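Encoded as structure tokens, the structure appears first; notes follow it.
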Amino acid sequence: MLRLARAGAERVSFGFPPREGIAERWSLFVGATLSVCLGVALVQSSLLLLITAATMDTPGGLSPTERLRFDDGRTAAVSMLGVVMGGAAFLAIFIISSTFAFTVDQRRRDLALLRLVGGSRGQLRRLLLGEAVLLGTLGAGLGIPAGLGVMAVQAWLMRRMGFVPDGFHGQWRMWILGASIGTGLVLAVAGAMAAAHRAARVRPLDALRDSGEATRVMTAGRWILGLLFLGGALALAIVAPHGGPAGGQAMAMNVPLCAAVAAAAFGPLLIPAVARLIPTGTGGPLGSLTRANLRDGRRRSASVAAPVTVLVALVLGQAGASASFTTSGIEQLRRTTAADLVVESSGPIGERIAAVPGVASASTEIELPAQITTGAGEDRETSTITVLVVDFAAYARTHPGSEALLGLDHRTAATGPGGDISAGTTRVELPGLDLGDLPVAAGVPAAVSGGADLLLPRGMVPPAQLTSAPSATFVRVTPGTALPDLTAHGKVSTVDRWLAADAETRGSTSNKIMVLVLGLGALYALVGVVNSVVIGAAARRREFAEARVTGLSRGQVIRAALAESSAVSVAGILLGLVAAGGAFIAVLNTTAAVTGTATLDPPWTLFAGLTATILLATGVTSVITSWSATRERPVLLLGARE
Amino acid sequence: MTTTVQTTAAVSLRGVTRTYGRGSAAIRAVDDVDLDLPRGGWTAVMGPSGSGKSTLLHLAAGLERADAGRVVVAGTDITDAGDQQLTELRRTRIGFVFQSFNLIGSLTAEQNVALPLRLAGRAPRRSEVRSVLASVGLADRVRHRPRELSGGQQQRVAIARAMVTRPDVLFADEPTGALDSTSARTVLDLLRAMADAGQSIVMVTHDPGAAARADAVVFLRDGRIVDRLAGADTHAVAERLAAWER
């Protein structure tokens, strides 16, 4: 068809795509272009922000401590943007490829006609891939400026949430032009390729009659993809409890992604089966029509439900896993903190507090940034971490489970609850002070909520280093005495209040991270959902007209389409819930393995809001598209002119 | 793979069998059929519903693959032809007309007719395409899209599309089945004129009036050829069909 566009004036000219074709299939082309545009915008923005954060220069004039804290913050921002980038890439791959596959699938009949009048398989493939190249390039072209807008929003969010310094802005890189166009092109072509191959392979008569090979909904590719990702989800869920706190969390957070792809691959089998079980609220002939359409349009239903499943699995699974690990971390901290009061101040104030009448014991934990170097030669690696300077004996008394510290001398460092450092030898540099190679012994078990990676004994760090560093002192009160007045030493809280404030901070940080990681991605997936409903309805004008000449009113046709769309959406949501459930199982097993207590904190309010949003979006889209598709009098669509 | 065969027939079937389904649900739609359809003649295929008429036509046109037997179209054995050979065949040797027209709705009449030539790598002249449309009486409808045409006009565009490649054989599956009597007569007149000009035509129909316009009628029942008539009128064809339907 691309070649047809070059016909001369005296030749029969087709244009590409034919003007009328655009008018009839505008929703397919617009939908495909939009999916590329937003996907490219999201990936480009995340990539530019990631590069900007990774290459961010440390500002001049900072003290050594501030410099290390800046480095630590940069590392955290880069890690987070890495996750944002991963999520954006996953969504772009999924939404773009499934949208392109859907648009090809919706045109089976036209493609069969081309085959019947002499079109070869190669010509069909070239036509569809040519379209994918055109729409992919167009979408990417629009996605590049859109990506700048997305980048401004993402950078604003990161600044507002305190993950990056105030002056942080994403920086443009010239090479991103090629990267963005390439991303759009590759994803569009990859999405269309499998569908084009399949459309070209089906025998024309089968495609025209929708029989034989054309009716097969589960292709070998779908089975392989589904089983592969199902296996991946199961493997992650099984291995997560053995991955430690950090590894286990990462694996559990990825379970819903794999499970969602598997659920989408098995969609043609699962979605219509589940959707038919859902009461549509329309009885009688309309109910029968809705059920028949669900049975008949298996591929359409699966394509419409796929982004719904991914959206629910992604948001519910990841937000649920994140909230559960935060709750588990808070509970673990509560169990491993044996104190009555906490004094937040700076410097080593433990001795002074211990001297106050009524204080049985006091353990001061002083926080410092540090740079550590592990390995040697090519494996040599330097990173910025947080260390706690503590009195091992006092720490062990305050934090049950840390008794291993009691046997360590003042020349040995110990692994902290952060869990990123293993026992061995590590070079440690504090701000302005090189401690040299330190032996590191196993100290505190890794905590779900993380924390300092290294514990240093008080005697190892000169007092001058500690004076202005933030500290928390855990105080045990002598039984039977009134609570001592420690306000002269810093901000005093009861342990319960301190834990509650800590939990709120952690919860708030966790929510902010989820908003950053999922916010725009979820919006993109929601656009993908609306897109698929529009594309699904685009090819149904004739079917709607047939229903109307059979006796259905326009309102009844719209109601039947709405009932069908809602049933498919609910089925997609349920499958997403199942995929998120996989993450929840991994969360339960991981928290049980790490903390001894299985913890799950599913975000039901978020789920309710998400379900309502999806049903509203698909419902409104379905009504608008079916209303639009039934505007013409049915006889004009079905009957030939006299 | 295709091989060239010396034959005077436009279409030749030898021992052709096609079965649908398996085991107890198997239906033999075409059962060991031997048939030669003459070059330059118009043959109608009739039979009761489910007798295998359309399957026979699809087998003869290479749209279905036979389970057994051989199919030769315009001297080319297509029994074992691969997809590429069958595509070439559809482009150059075969024209096909369906009951439901099957025009591409987004293209004009002129573009629909030009499509097979474009797919074959040719850039047809507008005059060439318009003359084919004029030959089916649609010189004034070249820029109309299918939805702007009557059923009869759409079928004539479909015939023009099938004829634009000057095929050896034109296959027509119930070409008047969806048309009113006036439009049907126009289409049959067109086919008659084409046959008189030497075009080989094979047409499936259930309408004795349509079959009577052909040079010969072949009757099919339970997938087998059970009777033939040549030069019969509508009444004779209807009587013979009724006899086989009893």
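Quick look at the values:
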read-out	value
Where B:Arg192 falls short, out of the listed (1) free of Cβ contacts under 8 Å to residues at least 60 places away in the same chain; (2) closer than 23 Å to B:Ala60 by Cα	(1)
Near pairs, Cβ below 7 angstrom, 6+ apart or cross-chain, from segment A:201-213 (within 10 Å of another protein chain (Cβ to nearest Cβ)) to any residue that is at pLDDT below 70	A:Arg203/A:Gly212; A:Arg203/A:Glu213; A:Asp206/A:Gly212; A:Asp206/A:Glu213; A:Asp206/A:Ala214
Strands (runs of 3 or more DSSP E) contained entirely in segment A:407-446, each with at least 2 residues that are β-branched (Val, Ile, Thr) and closer than 18 Å to A:Gly375 by Cα	A:424-430
Verdict on B:Ala212 being of a type in the set (A, V, I, L, M, F, W, C) and surrounded by fewer than 20 Cβ atoms within 10 Å (Cβ to Cβ)	no
Some residue of segment A:365-372 being farther than 30 Å from A:Gly528 by Cβ, touching a Phe, Trp or Tyr at 6+ places or on another chain (Cβ under 8 Å) and not assigned by TED's automatic domain parsing to the domain that holds A:Val570	yes
Condition broken by B:Ile201, with the remaining ones in (1) more than 22 Å from B:Ala44 (Cα to Cα); (2) hydrophobic (A, V, I, L, M, F, W, C); (3) crowded, with 23+ Cβ neighbours inside 10 Å satisfied	(1)
Yes/no for A:Pro285 being at pLDDT below 90 and touching a strand residue (DSSP E or B) at 6+ places or on another chain (Cβ under 9 Å)	no
Close pairs (6 angstrom Cβ cut-off, 6 or more residues apart or separate chains): at the interface with chain A (Cβ under 7 Å from one of its Cβ atoms) and under 13 Å from B:Asn102 (Cα atoms) in segment B:138-153, part of a helix (DSSP H, G or I) and modelled with pLDDT under 90 anywhere	B:Gly151/B:Ser183
Of all residues in segment B:28-53 being part of a loop (DSSP other than H, G, I, E, B) and of a type in the set (S, T, N, Q), the one that is modelled with the highest pLDDT	B:Ser51
Any chance A:Ala240 is modelled with pLDDT of 90 or more and surrounded by 24 or more Cβ atoms within 10 Å (Cβ to Cβ)	yes
From the options A:Val534, A:Val475, A:Val527, residue that is touching a residue at least 60 places away in the same chain (Cβ under 8 Å) and over 30 Å from A:Gln318 (Cα atoms)	A:Val475
Residue that is modelled with the lowest pLDDT [pool: residues in segment A:61-111 that are among the hydroxyl-bearing types (Ser, Thr, Tyr) and over 23 Å from A:Ala246 (Cα atoms)]	A:Thr65
Pair list, Cβ under 8 Å, 6 or more apart: segment A:372-386 residue assigned to a loop (DSSP other than H, G, I, E, B), other residue acidic (Asp, Glu)	A:Gly375/A:Glu381
Selection within segment B:48-85 - polar (S, T, N, Q) and either within 14 Å of another protein chain (Cβ to nearest Cβ) or over 24 Å from A:Ala200 (Cβ atoms) (or both)	B:Ser49, B:Ser51, B:Ser54, B:Thr55, B:Gln84, B:Gln85
So B:Arg147, is it modelled with pLDDT of 90 or more, among the charged types (D, E, K, R) and over 13 Å from the mean Cα position of the chain (by Cα)	no
A:Arg352 of a type in the set (D, E, K, R) and touching a His at 6+ places or on another chain (Cβ under 9 Å)	yes
Answer from A:Ala608, A:Ala592 - the residue that is surrounded by fewer than 22 Cβ atoms within 10 Å (Cβ to Cβ), away from every other protein chain (no Cβ under 14 Å), without any contact (Cβ under 8 Å) to a residue 60 or more places away in the chain and aliphatic (A, V, I, L, M)	A:Ala608
Residue among A:Ala571, A:Ala612, A:Ala567, A:Ala561 that is modelled with pLDDT of 95 or more, under 19 Å from A:Val529 (Cα atoms), of a type in the set (Gly, Ala, Ser) and assigned to a helix (DSSP H, G or I)	A:Ala612
Positions within segment B:88-137 being of a type in the set (Lys, Arg), touching a residue at least 24 places away in the same chain (Cβ under 8 Å) and within 8 Å of chain A (Cβ to nearest Cβ), in sequence order	B:Arg90, B:Arg91
Sole residue being on the phi > 0 side of the Ramachandran plot and either in contact with a Lys or Arg (Cβ under 9 Å, 6 or more places away or on another chain) or not assigned by TED's automatic domain parsing to the domain that holds A:Leu81 (or both), chosen from A:Gly162, A:Gly167	A:Gly162
Test: residue in segment A:549-558 that is among the small types (Gly, Ala, Ser), within 30 Å of the chain's Cα centre (by Cα) and either crowded, with 22+ Cβ neighbours inside 10 Å or more than 14 Å from chain B (Cβ to nearest Cβ) (or both)	no
Some residue of segment A:100-108 being in a helix (DSSP H, G or I) and over 13 Å from A:Gly191 (Cα atoms)	yes
Residue within segment B:184-196 that is within 11 Å of chain A (Cβ to nearest Cβ) and not acidic (Asp, Glu) present	no
Qualifying position, being touching a Leu at 6+ places or on another chain (Cβ under 9 Å), closer than 26 Å to A:Ile95 by Cα and surrounded by fewer than 22 Cβ atoms within 10 Å (Cβ to Cβ), among A:Ala264, A:Ala155	A:Ala155
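Conditions (1) of a type outside the set (A, V, I, L, M, F, W, C); (2) more than 30 Å from A:Tyr524 (Cα to Cα); (3) more than 13 Å from chain B (Cβ to nearest Cβ); (4) under 18 Å from the mean Cα position of the chain (by Cα), marked per residue:
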| position | (1), (2), (3), (4) |
| --- | --- |
| A:Gly60 | yes, yes, yes, no |
| A:Thr75 | yes, no, yes, no |
| A:Ser98 | yes, no, yes, yes |
| A:Val104 | no, no, yes, no |
| A:Val117 | no, yes, no, no |
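Conditions tested, residue by residue: (1) surrounded by fewer than 20 Cβ atoms within 10 Å (Cβ to Cβ); (2) touching a strand residue (DSSP E or B) at 6+ places or on another chain (Cβ under 8 Å); (3) of a type in the set (A, V, I, L, M).
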| residue | (1), (2), (3) |
| --- | --- |
| B:Thr87 | no, no, no |
| B:Ile94 | no, yes, yes |
| B:Asn112 | no, no, no |
| B:Pro116 | no, no, no |
| B:Ala123 | yes, yes, yes |
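The values are calculated or read from the model by the stated rules, or taken from the named source; none is laboratory data. What you are looking at is a predicted structure, and each value in this text was computed from that prediction instead of being measured. So basically every Cβ, Gly included, is an ideal-geometry build from the backbone, and we count neighbours across all protein chains shown.
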